[in-house]
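Everything below concerns the one structure shown next.
The values are calculated or read from the model by the stated rules, or taken from the named source; none is laboratory data. Owing to the predicted nature of the structure, the values given are computational and were not obtained by experimental measurement. All Cβ positions, even for glycine, are placed from backbone atoms using ideal geometry, and neighbour counts span all protein chains on display. Remember, those area values only see protein heavy atoms, side chains included, never the ligands or the DNA or RNA. Shrake-Rupley method; radii C 1.70, N 1.55, O 1.52, S 1.80 Å.
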Amino acid sequence: MFISYNKNLPKYSIVVPLHNEQENVTDLYDRLKAVMEVNGESFEIVLVDDGSRDRTFHLLQEIAAVDSRVTVVKLRRNFGQTSALSAGFDHARGEYIIAMDGDLQHDPADIPIFLEKIAEGYDIVSGWRKERIDNLWMRRIPSRCANWLMAKLSGVDIHDFGTTFKAYRRDILEQVPLYGELHRFIPALASWHGTTICEVPIRNVNRERGVSHYGISRTFRVFFDLITIRFLLKYLSRPLHFFGTVGMISILSGFGVAGFLFVEKFLHQADVMTKHGPMMIFAAVLLLAGLNMLAVGLLGELQVRHYHEPTQRAPYSVDRVLRAQDEQSAISE
């Protein structure tokens, strides 16, 4: 769904997902506009309303009505941050795309740092909340552990995977499918394509207005995402190598136990049913589990055959898109 870039389109797209941010929308727009106008390059601001229940969309309508550089994408319900970002990326038209949160904890004044690094030729520029002001036990320590683990598992040496504040070359995002909650792992997913990535320190400020949408429960979701990312990076194109290895270990272990029971039965004349009944069951379970893992691996290999034939099904549903030349068009997906 990405739009082809040409010289008549803006050079930069600022993509911001919003959910119940009526207190911050107007201030965010004013600050983004001021920063980008000083930069002097053509730009657009893509604001995605992720199913807000307050006056967020009403305010976005007013902004889009007075500024042709603003595109508003309204989703039919709250699909989550990854899907909202995906919708913003799909409707962005710039050669370079900067993504950030809409709660003003990401300072728009930091954008020129990203633009400078992108101009140096990096594919991805990632923000680093070097001096964090979040709660120590609920946010900083879990985040530091998750970031360390992610860096080790992915081989991408950055300190802060969690922040949305990043800049991308457009062609990189076109190669990275987004679903679930994988937006924070775009650098890791993009590393598979051999991208160049750098990190820049950004300010981490307290939310001045509104209520935070993040909690400690997100830490547990991140843990499962880490497992997903590790598997995708190492075994995406060869799942049988993972499931087959586990399956063969299980099958060989089962044969080993069965061999022991065979020796006990026929060489030592032992009553294996009475003496080693639980071990027989264990051997059978190992053999069946190993065969199941091999079957899963083979099914995964079949799925890989379709990997290069994506369905192009978006992980969100758009209600409408507001643009200057197409003020209100209904889109159903």
Condition set under 22 Å from GLU174 (Cβ atoms) and modelled with pLDDT of 95 or more, scope the stretch 12-41, selection farthest from the chain's Cα centre (by Cα): answer is TYR12
Among the residues listed as LEU178, LEU173, the single one being of a type in the set (A, V, I, L, M), in contact with a Phe, Trp or Tyr (Cβ under 8 Å, 6 or more places away or on another chain) and within 25 Å of PRO112 (Cα to Cα): LEU173
SER126, sole failed condition from (1) closer than 17 Å to VAL200 by Cα; (2) among the hydroxyl-bearing types (Ser, Thr, Tyr); (3) in contact with a Leu (Cβ under 9 Å, 6 or more places away or on another chain): (3)
Residues of the stretch 273-323 being modelled with pLDDT under 80, surrounded by 13 or more Cβ atoms within 10 Å (Cβ to Cβ), of a type outside the set (Ser, Thr, Tyr) and not in a helix (DSSP H, G or I), which ones? ALA314, PRO315
Scan the stretch 165-198 residue by residue and report those that are assigned to a strand (DSSP E or B) and open to solvent by 40 Å² or more (accessible area, probe 1.4 Å). ARG169, ILE197
Is it fair to say ALA64 is in contact (Cβ under 8 Å) with a residue 60 or more places away in the chain and within 25 Å of the chain's Cα centre (by Cα)? no
If you check every pair at least six apart or on different chains, which have Cβ atoms under 7 Å apart with a residue in the stretch 14-36 that is touching a residue at least 60 places away in the same chain (Cβ under 8 Å) first and a residue that is open to solvent by 30 Å² or more (accessible area, probe 1.4 Å) and among the hydrophobic types (A, V, I, L, M, F, W, C) second? VAL35/ALA109
Residues satisfying the stated conditions in the stretch 247-272, i.e. closer than 25 Å to LYS234 by Cβ, open to solvent by less than 80 Å² (accessible area, probe 1.4 Å) and not polar (S, T, N, Q): GLY247, ILE251
Candidate set from the stretch 146-164 (those that are free of Cβ contacts under 8 Å to residues at least 12 places away in the same chain and touching an Asp or Glu at 6+ places or on another chain (Cβ under 9 Å)); member that is most open to solvent (accessible area, probe 1.4 Å): ASP157
Across the stretch 126-174, which residue is modelled with the lowest pLDDT among those that are among the basic types (Lys, Arg) and touching a helix residue (DSSP H, G or I) at 6+ places or on another chain (Cβ under 8 Å)? ARG132
Might you let me know whether the stretch 226-235 holds any residue that is more than 27 Å from ILE97 (Cα to Cα), touching a helix residue (DSSP H, G or I) at 6+ places or on another chain (Cβ under 6 Å) and either open to solvent by less than 60 Å² (accessible area, probe 1.4 Å) or at pLDDT 90 or above (or both)? yes
